[in-house]
1. Quickly run through segment B:179-193 and pick out the residues that are in a helix (DSSP H, G or I) and either under 14 Å from A:Ala188 (Cα atoms) or more than 7 Å from every other protein chain (Cβ to nearest Cβ) (or both).
2. When the residues of segment A:34-55 are narrowed to those that are within 21 Å of A:Cys113 (Cβ to Cβ) and surrounded by fewer than 13 Cβ atoms within 10 Å (Cβ to Cβ), which ends up farthest from DNA strand D (Cβ to nearest atom)?
3. Outside the structural domain of A:Pro31 (by TED's automatic domain parsing), touching a residue at least 60 places away in the same chain (Cβ under 8 Å) and out of contact with any Leu (no Cβ under 6 Å at 6 or more places or on another chain) - does that describe any residue in segment A:123-145?
4. Output the residues belonging to segment A:152-171 that are more than 7 Å from chain B (Cβ to nearest Cβ) and modelled with pLDDT under 95.
5. Only one residue in A:Leu104, A:Leu87 is surrounded by 20 or more Cβ atoms within 10 Å (Cβ to Cβ) and more than 9 Å from the chain's Cα centre (by Cα). Which one?
6. Sort out which residues of segment B:177-193 are at negative phi, of a type outside the set (Val, Ile, Thr) and either free of Cβ contacts under 8 Å to residues at least 24 places away in the same chain or surrounded by fewer than 22 Cβ atoms within 10 Å (Cβ to Cβ) (or both), and write them in order of number.
7. Of the conditions (1) away from chain A (no Cβ under 14 Å); (2) more than 7 Å from DNA strand C (Cβ to nearest atom); (3) in a helix (DSSP H, G or I); (4) more than 12 Å from B:Arg15 (Cβ to Cβ), B:Ala61 clears all except one; give me its number.
8. Please find, among B:Glu119, B:Glu129, the residue that is in contact with a helix residue (DSSP H, G or I) (Cβ under 8 Å, 6 or more places away or on another chain), surrounded by fewer than 19 Cβ atoms within 10 Å (Cβ to Cβ) and not hydroxyl-bearing (Ser, Thr, Tyr).
There are 2 protein chains.
Amino acid sequence: MSATAKRGYHHGDLRAALLATAMGMLERGEPFSLRAVARETGVSATAPYRHFADREALESALAAQGLRDLLADLTRNRELPTTVSELAELGVTYVEFALRRPALFRLMFGSECDDENDERVRAAAEVHELLAAAVAGVFPDSDPIDLALGGWGLVHGMACLYLDGKLIGSSMDDVAAQARSSFIAVFAARPNG
Amino acid sequence: MSATAKRGYHHGDLRAALLATAMGMLERGEPFSLRAVARETGVSATAPYRHFADREALESALAAQGLRDLLADLTRNRELPTTVSELAELGVTYVEFALRRPALFRLMFGSECDDENDERVRAAAEVHELLAAAVAGVFPDSDPIDLALGGWGLVHGMACLYLDGKLIGSSMDDVAAQARSSFIAVFAARPNG
DNA sequence: GCCACGATGTTGACAGTGCTTACATATCAG
DNA sequence: CTGATATGTAAGCACTGTCAACATCGTGGC
């Protein structure tokens with residue numbers, strides 16, 4: 001309303017505004033509804049349809065943004081890891097992202113990504129490539145494809161399990177510590193004595 | 001309708017019938033709606049509320065059933081693994097379950113399990129214990145908690161990533177094979193040449 | 001400077017959802 | 001047979017996603 005009042009009939013950059021409030025609601029844990037996003041943006045319920053084909057399109061745009069944010073977290077102040085423990089830190093960062101922005105994480109990975117024609121696939125691919133490169137750098141002797149999938153699965157699975165309440169950690173630091181030690185334990189495991 | 005016609009006003013075992021049709025719709029990939037379940041069971045839209053407090057309760061019951069089915073898959077014709085490759089088979093079974101019944105798998109793990117008072121927690125705990133015991137048996141020298149979480153995370157993460165279309169496999173056998181080799185690769189990895 | 005036009009936002013409406021409240025029917029104890 | 005109780009029903013509320021028709025704005029051709 002204030003936006004409408006200030007800007008008049010036209011909003012200026014409604015698409016960005018919608019994404020921003022939607023992301024905000026997501027982080028705040030509020031359940032996500034197109035109408036609610038429109039309401040909170042101070043715009044009519046159908047206005048979003050000028051910018052997003054349907055609800056899924058908005059979600060996809062958010063997911064793409066989330067993937068870019070995740071990639072930023074993973075690369076911030078960091079070279080590619082060279083040791084297992086540096087690799088573990090990368091994994092911990094992944095898990096922490098999921099814990100810090102659970103709803104967004106679920107949006108990013110919780111349902112099939114049927115985006116043929118989107119920036120979202122590209123963003124997902126970039127994350128994929130980063131993880132693959134990191135794993136391959138630390139374990140040059142192993143099949144990079146197998147290991148990349150395994151390593152990604154490891155941290156992704158831990159993140160999901162935490163998110164789903166299947167595992168308990170009293171604080172985020174606790175969880176991070178456990179993720180780290182589990183990661184290291186797996187990569188250091190030796191079978192049968 | 002036939003049920004109503006045959007049995008008259010009362011259904012006999014509506015609770016079980018609702019669970020059955022709901023599970024059926026889930027497997028068939030149809031989107032899940034309480035009303036649709038009631039409709040397909042041939043009963044009024046509000047009848048389910050006699051048997052389930054709300055939609056979540058029905059979902060929880062389905063999830064519990066799914067967890068029991070998963071546990072059955074994991075234990076069918078199988079002793080506790082003693083080698084890494086036997087452990088990998090267990091992991092492959094986990095992934096295959098997710099691929100075979102994707103909607104159910106999502107229901108089981110896709111949202112917080114806020115069931116204080118349910119059989120669902122028990123079923124989840126049994127799965128957890130089985131995996132922990134399996135991992136601990138194969139890797140007696142490692143911290144069992146760390147390794148169990150890591151191992152579970154590994155297969156769970158791969159399952160999620162496949163489900164979310166983040167990875168491609170042309171057939172279920174392909175996927176199983178890749179899950180197996182990734183699992184083995186991770187547990188055999190040696191850092192830095 | 002004016003004005004039609006396309007892009008943008010609004011109104012109103014429809015079908016579908018979860019859920020509650022008040023009511024109808026069947027089953028079983030006495 | 002009768003009435004309490006378990007079970008299913010009908011009507012309705014608040015909400016959702018989506019569509020079609022209309023209103024408004026700002027910009028380019030004259």
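1. To start, the set of residues in segment B:179-193 that are in a helix (DSSP H, G or I) comprises B:179-188.
Correct list: B:Ala179, B:Arg180, B:Phe183, B:Ile184, B:Ala185, B:Val186, B:Phe187, B:Ala188.
2. Result: A:Ala53.
3. Checked segment A:123-145: no residue is outside the structural domain of A:Pro31 (by TED's automatic domain parsing), touching a residue at least 60 places away in the same chain (Cβ under 8 Å) and out of contact with any Leu (no Cβ under 6 Å at 6 or more places or on another chain).
4. A:Tyr162, A:Leu163, A:Ile168, A:Gly169, A:Ser170, A:Ser171
5. Exactly one residue qualifies, and that residue is A:Leu87.
6. B:Ala177, B:Gln178, B:Arg180, B:Ser181, B:Ala185, B:Ala188, B:Ala189, B:Arg190, B:Pro191
7. (4)
8. Answer to the selection: B:Glu119.
The values are calculated or read from the model by the stated rules, or taken from the named source; none is laboratory data. Fair warning: this is a prediction, and the values are worked out from it, not measured in the lab. Using ideal geometry, Cβ is built from the backbone for each residue, glycine included, and neighbour counts are taken over all protein chains shown.
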